[in-house]
Amino acid sequence: DGAFYVFPKVSSFFGRGGLNSAADVAGRLLREAHVVSVPGEAFGSPNHIRLSYATSAKEIDRGLERMRDFFAKL
């Protein structure tokens, strides 16, 4: 009866740093920040990415820090 996912909206970054879609964001997050996400297009939500939080609080904090650094550089 639950899920371990969040769907942050990333469309405000479209047009920055060569990002034009959630798939672009997911790909760059993986390659550059080493954060795994799934493009929202797969779920009918093209402005979002899906992130799982089925891990420890320490790993979540680490991933969020990497994402913050990635988006700050755009």
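The values are calculated or read from the model by the stated rules, or taken from the named source; none is laboratory data. Since this is a predicted model, take the numbers as computed values, not measurements. Cβ atoms come from the backbone with ideal geometry, glycine included; neighbour counts cover every protein chain shown. SASA here: full protein model, heavy atoms, side chains in, ligands and nucleic acids out. Shrake-Rupley method; radii C 1.70, N 1.55, O 1.52, S 1.80 Å.
Each residue in segment 25-46 was checked for being within 11 Å of the chain's Cα centre (by Cα) and more than 11 Å from Leu74 (Cβ to Cβ), and 12 pass. Within segment 9-35, the set of residues being in contact (Cβ under 8 Å) with a residue 12 or more places away in the chain and either polar (S, T, N, Q) or open to solvent by 80 Å² or more (accessible area, probe 1.4 Å) (or both) comprises Lys9, Ser11, Arg16, Ser21, Glu32, His34. Of the residues in segment 39-54, at least one is among the aromatic types (Phe, Trp, Tyr), within 17 Å of Tyr5 (Cα to Cα) and part of a helix (DSSP H, G or I).
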